[in-house]
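This report concerns only the one structure given below.
Read-outs: derived from the displayed coordinates by stated rules, not from any lab. Small disclaimer: the values here were computed from a predicted structure and weren't measured.
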Amino acid sequence: MNIGIATQPSTNLDAVFAALADPTRRAILAQLSAGEASVNEIASPFEMSQPAVSKHLKVLERAGLVTRAVDQQRRPARLNAAPMKDAVAWLEEFREFWAGSFDNLDVLLADLQRDKPGGSNE
């Protein structure tokens, strides 16, 4: 199967998918999509400690999905959705593959329906 991007993985693609594999990290990204937040603000909706949230943020930072800045005493986290672009492009290749496969299946099923006894032979 040769489908372009899917056979040429980005060095960061593994880190992005690993970061997105965890539901807590996905929830953190969703929370950050509304704007920057401190570790305390990020931790508030979860039943976990600030160090646990910090560990999740480090995984997201390594994947490039979150950036952190020093703003006086706090280090607000910000969403950086750009690395998801490669992941979406990679998945899009498979969507195109499956769409093509379903189109081929539709043609095959139409041919079988037309050729079966009692089918609409023209």
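The table for this structure:
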item: Lysines with Cα under 21 Å of K85, excluding same-chain neighbours fewer than 8 positions away; result: K58
item: Region 4-115 - Rg over Rh from alpha carbon coordinates, Kirkwood radius; result: 1.22
